[in-house]
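What follows is calculated from the coordinates using simple rules that are stated; it is not laboratory data. What you are looking at is a predicted structure, and each value in this text was computed from that prediction instead of being measured. Neighbour counts are summed over all protein chains in view; Cβ atoms, including those assigned to glycine, are modelled from backbone coordinates with ideal geometry.
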Amino acid sequence: MVYRVMIVEDDPAMRQSLQERVEKHPDLCVVGTAGTVQDGRRLITEQDGEVALVDLGLPDGDGTELIRLAAGRGREVMVITVFGDDRHVIAAIEAGATGYLLKDTDAESIGDSILQQIGGGSPISPSIARRLLLKFRARETPTPEGRDTDAVHLTDRETEVLQMVSRGLTNNEIAALLGMSFHTVASHIKHIYRKLAVGSRSEAVFEAVSQGIIHLNKEN
Amino acid sequence: MASRATRFTVFLAVLVLVTAGFWWMLAYLYELPDEQDVLRIDRVERLASAVGDPQALPEAGWMPVSLPEDWLRQGVVAEDVWYRLELDLNVPPDRLWGVLLTGVNLNGAIYLNGSAVGLEGSLDPLSQNWNRPLYFSIPNGLLQPGRNVFHVHVRSFPAGHGFLGPMFLGPRDDLLPSYNKRYFLQVQVSQFITFATFTVGLLIGVIWLLRPGDTVYGWFSLANMFWAAHTLKFHVSQISVSSLHWAVYLFMTAIGFGCAMVLFFRRAQGIRWVVEDRIVLGYFAISITVLAVLGAGSSLAVYPVSSLLVGGTFLFAAYGFVRLVRFAWVSGNPEAWLYTGAGLFVLAFVLRDWLLIEGYMDRTVGQYSVYAAPALLLVFGFVLIRRFVTALSESETLTRELEARVAAKTAELERNHERIRDLERQQVLASERERIMRDMHDGVGSHLVSSLALLKSKHAREPDVEQVLQAALADLRLMIDSLDPIEGDLNLVLANLRQRMHGHIEKAGFQVSWAMEELPCRAGLTPEHVLQVLRILQEALTNVVKHSAATAVRVEACGEGGGIRIRVVDNGSGFDPRAACVGRGLLNMEKRAGTIGARLTVTSGSSGTTVELSLA
């Protein structure tokens, strides 16, 4: 099947280039582009699609809310970034992105990356892995009741995978060492990203409740 | 502040008022009964005789005398003296009558019509009843209408001051008020004075024990103790030692009191310990010894010697007092004025009593000075306590001041430290900014400028420009990686490098293997270190890709002897270090290694090239 991709990127030349590169792959087609948060919001709510590529640095706001919006609608969201530095990537993942894409990825690789994401895997770098390990370790400190669930803590396996990534091993190497398939390794990473998003979402809710910004419905 | 004259006037006025008030109070308490029915007996007959029973008294030899009679002044040299009075009563009394003796020294027994009416204590051993009123009730029926004979047997001790004051005969209810007042004053107040003086002495003594350096408290305490011991004579009636020994004790305490007071005066004025003080101490020691010797031998010489010694003490005290008054006048010191005032107060009473003792005043009225003396001690006690409290307050103030100063200094120090820390921080930031700027200038900056130059030149080829721009982007990524806080963990750094370069090298047709050991964490790995290491390795790997004819490359990293060693090994055909395209790159790498204190070694041969980087 052909997957429909949406692109939100403010620089017109980059937007054009991304579109061209994505469409090089036979299984992908671009169904809409936007250059601002406002346009992006409209695009995501009105247009159907499986994948959204979102840039964080938009002229009229932060792309993070678009990521949240798209993820809420079940899209595969990848944040497009110049450096792939862990701060931006992790912020995007916490908002619900399940991967990142370097803006200068060549046409041959870009399609594979996206399809890999749809297929259940997620890209990661050693820095990001280390950052994630620290974040999840901080979550293990005693928290108020109701938040100590597996939805926000890493399993031992997942921790192992992250540790190996942080040492620079490729997914193949990790798969070989841990006796699992390449695909399993990739999906572990995707699960870890999901946990991060869930955890940070409930953290945000908790913060908002404790500050009185939202009131939990008693029936819930 | 009021002028000196005004203050002096106020001082005098207060002194006169207090003295007058005191005088009046004592006079009131010493009041004699003067009711209608009370008979004052002061015309009697006297006979010196040692018999114990009035019946045994001879009829002849009685001399008419008037009361009060002081033996010493009348030249009576005896230990036992009888007094006789004949009284005519028209009507026998219907109420209870009694007889009041206002003063007797040392003790007296009353007989009426041959029967014993009363005796307080005993005549043998001799009770010391010289300082109390004696009242005896007359049993019903003893007083007859008509002629009644009173006898009083007075006994004193050798060289004693035998004395009989006026007696009063009358209804009990008329006599008792006077008796009670005199008893209260002479016995009870005296007892209280003894107790109070002793207690004050004790308390001040405790203060001195806690602060032995302040001898003024010590001498005052001693003076109080001596005086308390001495005042026992005023109310102790039964003594278990002989009169002589008791007298010795009293003299000793008097001299002790005098000497201690003199030494206290001098300390209170702030006079340091000098020869004069040692004289006083010596005098005291000698006096005590002499009296002890005489007393042990029960020598009658005790009395004149003691008078002399006590007199000497008085001289000392008088001299000290005069010095004090002069000091007060000259310095205007309020404390000294207080002492002077108290001293004058006591002096007034002492003078009056001296007149009384010498016979210029009716001895019946009683002694005053004994009650004024405590005033002196009270004043001194007050002054000392005030000194003590002032010292306390001063030390508290001082402590507070010191604390405030320390706090201020600490705050200032803190501020200085803050400032220094701020400066240090700014310096660190500034040098880091400089470094980053330098790197960007050398790295990305030079790449971009090169690409510009290429585009401007006629021989520009798109792939070349693309390559340069790609290199610029790669260098920027490298810099960002280097700024990541790694906390001394070089493993992460190399892992990032691996991830960035692995695909690129593989695509270029090489077989890449990474042999990374767990490297030890190194403190002191700054972003600059990381950046240079990354650049060197990247340069080395790029060289392999571009210039070597190799098929495989291996990157090794291990910890060695506390340091870290990284190697890039390829199986190419080696290169000539002098070749221009690699030469400049090698120099660059060596320079980079130098800036971080690492050693770069390049070995190249036909079987391959090894680039080794050693970090200490």
When Cβ neighbours within 10 Å are restricted to other protein chains, what is their mean count per residue of peptide B:324-332? 0
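Using DSSP to define loop residues, name the trypsin sites (Lys or Arg not before Pro) in the stretch B:380-467 whose beta-carbon has at most 10 other beta-carbon atoms within 10 Å. Don't jump to the answer; show the numbers that get you there.
Working: sites: B:R386, B:R387, B:R400, B:R405, B:K409, B:R415, B:R419, B:R421, B:R425, B:R433, B:R435, B:R438, B:K456, B:K458, B:R461; in loops: B:K458, B:R461.
Filter output for the stretch B:380-467: B:K458, B:R461.
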Which Cα, out of B:V555, B:L32, B:F198, lies furthest along the positive dipole direction of the protein assembly as shown (beta carbon charges, K/R +1, D/E -1)? B:L32
Under Karplus coefficients 6.51, -1.76 and 1.60, residue-wise ³J(HN,Hα) of the stretch A:36-52 in Hz, glycine/proline x: 9, 5, 4, 4, x, 4, 5, 4, 5, 6, 8, 9, 7, x, 9, 10, 10
Listed residue (B:T6, B:V18, B:L47) projecting farthest to the positive dipole end of the stretch B:1-58, Cβ model: B:T6
Angle check, please: helix B:334-357 long axis (alpha carbons) against the longest principal axis of chain B (alpha carbons), in degrees 0 to 90, nearest 10. 20
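Under unit Cβ charges (Lys, Arg +1; Asp, Glu -1), what dipole magnitude, rounded to 20 debye, does the stretch B:183-295 have relative to its Cα centre? Don't skip to the answer; put the middle values down first.
On the way: 6 positive and 3 negative charges, 24 e Å.
Computed charge dipole of the stretch B:183-295: roughly 120 debye.
Rounded, prolate or oblate, given the Cα gyration tensor of chain A, with a/c below 1.5 counting as rounded? If you can, show how the numbers build up before the last one.
Working: a/c = 1.96, a/b = 1.16, b/c = 1.69.
Oblate shape, in that a/c is at least 1.5 and b/c is the bigger or equal ratio.
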Kirkwood radius from Cα pairs of the protein assembly as shown plugged into Stokes-Einstein at 4 °C, 1.567 mPa s, gives D in µm²/s equal to 33
Measuring from its Cα centre, the stretch B:377-505 shows a charge dipole (+1 at each Lys and Arg Cβ, -1 at each Asp and Glu Cβ) which, in debye to the nearest 20, is 300
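Treat every Asp and Glu Cβ in the protein assembly as shown as -1 and every Lys and Arg Cβ as +1, leave all other atoms uncharged, and give the resulting dipole magnitude about the Cα centre to the nearest 20 debye.
1980
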Would you mind giving the mean number of other chain beta-carbons within 10 Å of the Cβ of each residue in B:491-501, as a whole number? 5
Overall Cα dimensions of the stretch B:466-530, principal axis frame, Å, largest first: 38, 26, 12
Sorted peptide list for B:282-292, A:90-100, criterion being average Cβ within 10 angstrom, highest first: A:90-100, B:282-292
In order over the stretch A:93-105: 3J(HN,Hα) from phi, Karplus 6.51/-1.76/1.60, θ = phi - 60°, whole Hz, x for each Gly or Pro, gives 5, 4, 7, x, 5, 10, x, 9, 9, 6, 5, 9, 4
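Please give the contour-minus-distance gain from B:S242 to B:T595: 0.36 nm per residue of separation, less the Cα-Cα distance, rounded to one decimal in nm.
116.1 nm
Among the listed pairs A:K103/A:K135; A:K24/A:K103; A:K103/B:K458; A:K103/B:K456, give every one whose C-alpha distance is greater than 19 Å.
Values: A:K103/A:K135 26 Å; A:K24/A:K103 16 Å; A:K103/B:K458 29 Å; A:K103/B:K456 26 Å.
With Cα atoms farther than 19 Å apart: A:K103/A:K135; A:K103/B:K458; A:K103/B:K456.
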If you take the beta carbon distance between B:L355 and B:Q55 as r and set R0 to 41 Å, what does 1/(1 + (r/R0)^6) give as a FRET efficiency, to the nearest 0.05? 0.50
Please work out the C-alpha center-to-center distance from the stretch B:111-129 to the stretch B:141-219 and express it in whole Å. 18
Interchain or sequence-distant (5+) residues whose placed amide H lies within less than 5 Å of the amide H of A:I7 are A:G32, A:T33, A:A34, A:L53
Taking only the alpha-carbon atoms of chain B, the convex hull volume per residue, in cubic angstrom, is 333
Grab the other residues whose beta carbon is less than 12 angstrom from that of B:R387, score K and R as +1, D and E as -1, and report the net. 0
Tell me which trypsin sites (Lys or Arg not before Pro) from the stretch B:17-126 have a DSSP coil assignment and no more than 14 other beta carbons within 10 Å of their own. B:R95
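Provide the net charge surrounding B:L87, with neighbours chosen by a C-beta distance below 14 Å and charges set as Lys +1, Arg +1, Asp -1, Glu -1. Kindly include the intermediate steps, with their values, before the conclusion.
Working: positive: B:R40, B:R43, B:R84, B:R147; negative: B:D37, B:D42, B:E45, B:E86, B:D88.
Summing Lys and Arg as +1 and Asp and Glu as -1 gives -1.
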For B:I480, what charge total do you get from the other residues with a beta carbon under 12 Å from its beta carbon, if Lys and Arg give +1 and Asp and Glu give -1? -3
Put in order of increasing Cβ neighbours within 10 Å, starting from the fewest, B:W82, B:W62 give B:W62, B:W82
